[in-house]
Amino acid sequence: MKVLILGSTPNAFAAALTLADAGHTVEIVETATVVGAPYVTQDGGEAGLAYPHFCPVLGKQWGITLPSLAHTGRSARRADGSWLHVRRSGLIGATEHDDKAWPHFMTLMGQAGELLYYLLQNPEPPAYLAEAWRELGRRQSMEVLRLPWMSLRDLLDEWFEDQALKGLLAEVALEGVAQGPFASGTAFHLIGRWANGQVLSPTSLPGGSGSLMASLQAALEGRPVQFHHVPGTPELAPDQRSLTVGTQAFEFDFLLSDKDARWTYTQLVNPRYLETEFNTAIRNIRGRGVWQRGLGRCAYPGDWPEQARLDLIHWEPGLIRLEKAWDRVKRNLDVEEGPLQLCWPGLLDESRPADLIQESFGYGSGWMGRGPLDVTDRKYFTPVDYERDWQFTQGHLFGGDRDLSQSFFLRPIADYQPPLDNLDLCGSSLHPADHTGRAGAWKAQELIRRFSQS
Amino acid sequence: MKHYDAIVIGGGHNGLVHAAYLAKAGRQVLVLERRHTVGGATITEEIHPGFKFLIGSYLISLLRPQVIQELELAKHGLELLPLESTLVPLTNGDYLADWPDHDMTRRELLRHSRRDAETYEEFSLTMRRLSLAMKPLLDLFPPDPTSLAPRDIEQMARIKGVLGHMQRKDFHTLCRLCTMSIADFLDEWFETQPLKAIKCTSGIIGTFMGVRSPGTGYVALHHYLGEIDGVRRSWAFPKGGTGAFAQSIANAAKAFGAEILENAPVHQVLIKHGAACGVVLEDGREFYADRVISNADAQRTFLKLVPKEHLPDDFLWDIQRFRSASPACKVNLALDGLPTFSAVPKGNEQLLRGSIEIAPSVDYLEQAYDDAKYGGWARKPFMDALIPSLLDPGMAPPGKHVMSLFVEYASSEIDWTPEKKAQFLEVVVDTLAEYSPDLKSKIIHKHIMTPHDIQEVFGITNGHIFHGELSLHQLLFLKPSPQWAQYKTPVRHLWMCGSSTHPGGCITGAPGRNAAMELLKDWSA
Ligand SMILES: Cc1cc2nc3c(=O)[nH]c(=O)nc-3n(C[C@H](O)[C@H](O)[C@H](O)COP(=O)(O)OP(=O)(O)OC[C@H]3O[C@@H](n4cnc5c(N)ncnc54)[C@H](O)[C@@H]3O)c2cc1C
């Protein structure tokens, strides 16, 4: 079978490698102006996502080893100039009450995160999940069941008193999420981030996350997979047997789209050929980018604590600050003061410039550049760029919001059946809604089974 | 001294329902109510001479039909007057109305949007199917999902049966509705702002969440579960106000042999050898019984009435963290005559006989929430208004009227001084006057119940009208505490029957009835 894969996130590669290993001929074509989004490194900094989590099981299978550099943790600078450091081993600079609560909170989130991780790691809930569940015991399992529906505010107010700590955790959870911390169900995002280690041990790749792309491309060597980068607008031939981009045509027996569901079923496939009900469901997918990146030059300030140098630093975080920013973004108004995260990748990774500063501005772009530091040569990357250059609908980096109403069997839409018989999705629009390569590999496995039956 | 089988703390409608069922089963029951009259938040009071005010609840929809039948409430004086319409006046002089009769609504919607008129039918059918499927859950005790006890497994199986009968598509819609915001859900169906807005309001009644907060979809569904005389999704006004409804249950309870004692505030639950055995009143009187059942909300019951040393720490924590911050106020106006609404054309005054919603758009509602959520109040509040005297002339002197306004949002976290109270009352009246220019000139008396007043008058913690938020993490087996969601409590022989327990607030009678069924089963076992 000749399979064409449109797109170049890690899911596209995982699908390609899986199919190639099963003896199918595979071509990958990327039509966006940039290859490898959302892991794009520019001048040593991250234009998109910074912390790749390629599935280690898949990585091992294809000999992709990813050396990772671990940040020491996270820090928050409070408005009064004091600092809070959040470590796996405990909190530094926290109140006594929060110090005491922290280990118990870590246990609870660890347990919830682990269960969720099992769910996200497997196409079907695995048998040992029940085992793990029983081990939690009655009280704790109920406690875990209670979590996903909560708002971050309710959850964090229950546990902690320090706004900085609450704000920091909420900011991690809501990175790229179009909701405020007061909304029910936002705690689910924190569990998700906890599950992949992003809260306490964020790691980055030497040379930047773009090096994941290089490793994935290297893995194609010696396999029957061709990679093409042809920027342009892909057009599906009426007979659905070939895809043309500009003057180039790619023939296929099956087309896997790594682009998000909305893009695939509005830009690639003409909705006129699809059922109204399906189109409505696709149109109703929610996912709007609310996260932007700034890259620039600025040395780590001399009067900031040594302890925070290798951390991700949250600027004056707080639940109210976050919610207030959201109040404006949801009305499409400019934010005067939103969540801001800073990091100096060059301090952790010698291959990058030491004064390279990486900023993430949560919510609207209106307040970009109004941060506390004097940053020069700043470049911005916003959802508008992600949509235009990366072909991500509304600049959302995960193919649509990952809230409860668009997760698991409700993703990408409830009861999703590919409407065309030789075209399907393989990217983060599918469960488990990430760029670990799992969605791509699972879809490829499903196809392989299908091909072998017919 | 007389020894009772059961003492019910609180004569709210659930306490009364509970007492009536126990008495009907032949138990000796005593109801102790702290106020001068029973009813709790279901009450009619003559605050201004001749004018009957609904200082608490005002309409009935979710009342379980079994309660009406089994307690023979009709015989005991309950008369329900169905509500005929919903009206949304707009400031541009137009309006949107909605009737139980679909053809009328369809014709009305055609004035606003052809597309909406067409989707309306399908929307209503979908909601109807979802609520039909969900309804049996109201009458179940919530099973413990971690338990392997036969009764829990059986109950789980019943729930599975209930949901298993749903069409696949409906099941998915249900899952999405429960996890989405009501505004997002309605955006998928309609385009007309006022239509979306009135449908949105079911998602925020009593709830300190905005229409764009996920979880409000569930609250909306909760309000769709209503059924009066077999007519689904309909609201009715009890003749004589909700107080008359409470009296009818009290009459039924008494007829079955229950005793009711008013002006009897309970100070503490008496506990001997780890088991509840009675109560002591604030005036020192003591009453003894085999079982004590609290109709008061969970926080009041366990943080005030039960001595701490009898409660496990984790349970206490569950109760402390139970969310009950409340956004709702109640305003009543005594009026010299019927106010006119600029949006209501001459000859269409019958529209005033239904609900009048001050909810012109989704953004209006969301803004009202945003204004209040940091501990303030809405500068332009959402209101659900009703003129009860049009339905039941007995509510006001001849020619005069009363108006009941359910108002959101104004936070229970505000320090409600008399000045603040007066200020917010002004905000409410001013907002309403934008739709009814002659309103102010007709006001004889105005009265407001802020969350603080609701707490003081009805004894409900934070004045939360549902005895705690109806958010997903406080439902079913998590209501009010993860381990104690089946009406029992960590104190032996102490039970709960109020709105803090499954299926939650509103005039349903369901917690009272379910708890009675469980208690009676437990007793005979
Ligand atoms: C302003 C307002 C408007 C509402 N509108 C509606 C509506 O239109 N429709 C609807 O369906 N629902 C409405 N509700 C909700 C509904 O009224 C309540 O959910 C329901 O009445 C609660 O009933 P309950 O019996 O569980 O508790 P309650 O009615 O709160 O009764 C508890 C009783 O316990 C008593 N009590 C407390 N402590 C003690 C003590 N220590 N000793 C003795 N007695 C004690 C209290 O005095 C009270 O009588 C409204 C509520 C409010 C506050």
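Key figures
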{"read-out": "Residues in the stretch A:399-418 that, when all protein chains are in place, have 50 Å² or more less accessible area than the chain alone would give (probe 1.4 Å)", "value": "A:Ser405, A:Phe409, A:Asp415"}
{"read-out": "Degrees separating the helix A:127-136 axis from the principal Cα axis of chain A, which is the longest one", "value": "10"}
{"read-out": "Greater than 23 Å apart at Cα, pairs in B:Lys304/B:Lys479; B:Lys2/B:Lys24; B:Lys199/B:Lys346; B:Lys196/B:Lys380; B:Lys308/B:Lys330; B:Lys421/B:Lys442", "value": "B:Lys199/B:Lys346; B:Lys308/B:Lys330"}
{"read-out": "Å² per residue, accessible surface of the stretch A:1-112 at 1.4 Å", "value": "35"}
{"read-out": "Positive-end residue of B:Ile444, A:Leu116, A:Gln179, charge dipole of the protein assembly as shown with Cβ unit charges", "value": "B:Ile444"}
{"read-out": "Distance histogram for chain A (every C-alpha pair counted, 20 angstrom bins, percent rounded to whole numbers)", "value": "25, 57, 17, 0"}
{"read-out": "Computed over the stretch A:34-85, Kirkwood Rh from alpha-carbon pairs, angstrom", "value": "14.1"}
{"read-out": "CD proxy at 222 nm, helix term only [per DSSP H run n ≥ 4: -39500 (n - 2.57); per residue of the protein assembly as shown; nearest 500]", "value": "-10000 deg cm²/dmol"}
{"read-out": "Residues in the stretch B:127-168 occluded by at least 10 Å² - accessible area, probe radius 1.4 Å, against chain by itself", "value": "B:Asp144, B:Pro145, B:Thr146, B:Arg168"}
{"read-out": "Cα pair count fraction exceeding 23 Å, expressed as % - the stretch A:134-262", "value": "59"}
{"read-out": "On Cα atoms only, tilt of A:163-174 relative to the major axis of chain A in degrees", "value": "0"}
{"read-out": "Cα long-axis angle, helix B:102-112 against chain B (0 to 90 degrees, to the nearest 10)", "value": "50"}
{"read-out": "Volume in Å³ per residue [convex hull over Cα atoms, computed for the stretch B:1-97]", "value": "162"}
{"read-out": "Reciprocal of mean inverse Cα separation for the stretch A:314-438 (Kirkwood radius, Å)", "value": "17.3"}
{"read-out": "Globularity ratio of the protein assembly as shown, using Cα Rg and 2.2 N^0.38 Å", "value": "1.00"}
{"read-out": "Quotient of Cα Rg and 2.2 N^0.38 Å for the stretch A:127-182, N being how many residues it contains", "value": "1.39"}
{"read-out": "B/A buried area, accessible surface, summed, 1.4 Å probe, Å²", "value": "3400"}
{"read-out": "Measure of compaction for chain B (Cα Rg per 2.2 N^0.38 Å)", "value": "0.94"}
{"read-out": "Calculated on alpha-carbon atoms, Rg and Dmax of the stretch B:30-183 in Å", "value": "21.2, 61"}
{"read-out": "Calculated diffusion of the stretch B:325-458, Stokes-Einstein form, Kirkwood radius summed over Cα pairs, 25 °C and 0.890 mPa s, µm²/s", "value": "160"}
{"read-out": "For the stretch B:1-49, convex hull of alpha carbons as volume per residue, Å³", "value": "89"}
{"read-out": "Cβ-placed point charges (K, R +1; D, E -1), dipole of the stretch B:325-458 about Cα centre in debye, nearest 20", "value": "440"}
{"read-out": "Surface accessible to a 1.4 Å probe, per residue, for the residues of the stretch B:274-394, Å²", "value": "33"}
{"read-out": "Dmax and Rg, reported as Rg then Dmax, of the stretch A:1-96 (C-alpha, Å)", "value": "19.9, 63"}
{"read-out": "Surface/4 estimate of mean projected area, convex hull on alpha-carbon atoms of the stretch B:451-525, nm²", "value": "5.3"}
{"read-out": "Cα gyration tensor, the stretch B:296-356 - rounded (a/c under 1.5), prolate or oblate", "value": "prolate"}
{"read-out": "Portion, in percent, of the accessible area of chain B that falls on carbon or sulfur, probe 1.4 Å", "value": "52"}
{"read-out": "Excluding exposed DSSP-loop trypsin sites (Lys or Arg not before Pro) (at most 15 other C-beta within 10 Å), longest clean stretch of chain B", "value": "B:76-284"}
{"read-out": "Carbon plus sulfur fraction of accessible area for the stretch A:56-178, probe 1.4 Å, in percent", "value": "57"}
{"read-out": "DSSP bridge orientation in the protein assembly as shown - percent antiparallel, rounded to nearest 5", "value": "65"}
{"read-out": "Kirkwood Rh (inverse of mean 1/r, distinct Cα pairs), the stretch B:338-383, angstrom", "value": "12.3"}
{"read-out": "Threshold 10 Å² - residues in the stretch A:169-218 whose accessible area is reduced by that much or more when the chain is no longer isolated, probe 1.4 Å", "value": "A:Gln179, A:Phe182, A:Ala183, A:Ser184"}
{"read-out": "Heavy-atom accessible area per residue - the stretch B:396-442, 1.4 Å, Å²", "value": "40"}
{"read-out": "Dipole moment magnitude, nearest 20 debye, chain B about Cα centre, only Lys, Arg, Asp, Glu C-beta charged", "value": "900"}
{"read-out": "Test item: Cα-centred dipole of the protein assembly as shown, Lys/Arg +1 and Asp/Glu -1 on Cβ, debye", "value": "1660"}
{"read-out": "For the stretch A:222-341, average projected area of the Cα convex hull in nm²", "value": "14.3"}
{"read-out": "Whole-Å semi-axes of the stretch B:162-257's equivalent ellipsoid (Cα gyration tensor)", "value": "32, 18, 13"}
{"read-out": "Options A:Gly369, A:Gly44, A:Gly210, ranked by Cα towards positive dipole end of the protein assembly as shown, top entry (Cβ charges)", "value": "A:Gly210"}
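The values are calculated or read from the model by the stated rules, or taken from the named source; none is laboratory data. The structure presented is a predicted model; accordingly, all values stated were derived computationally and were not measured. Counting neighbours? That spans all protein chains shown, and the Cβs are built from the backbone with ideal geometry, glycine included. When the accessible area is computed, the model is the full protein with side chains, heavy atoms only, and any ligands, DNA or RNA have been set aside. Shrake-Rupley method; radii C 1.70, N 1.55, O 1.52, S 1.80 Å.
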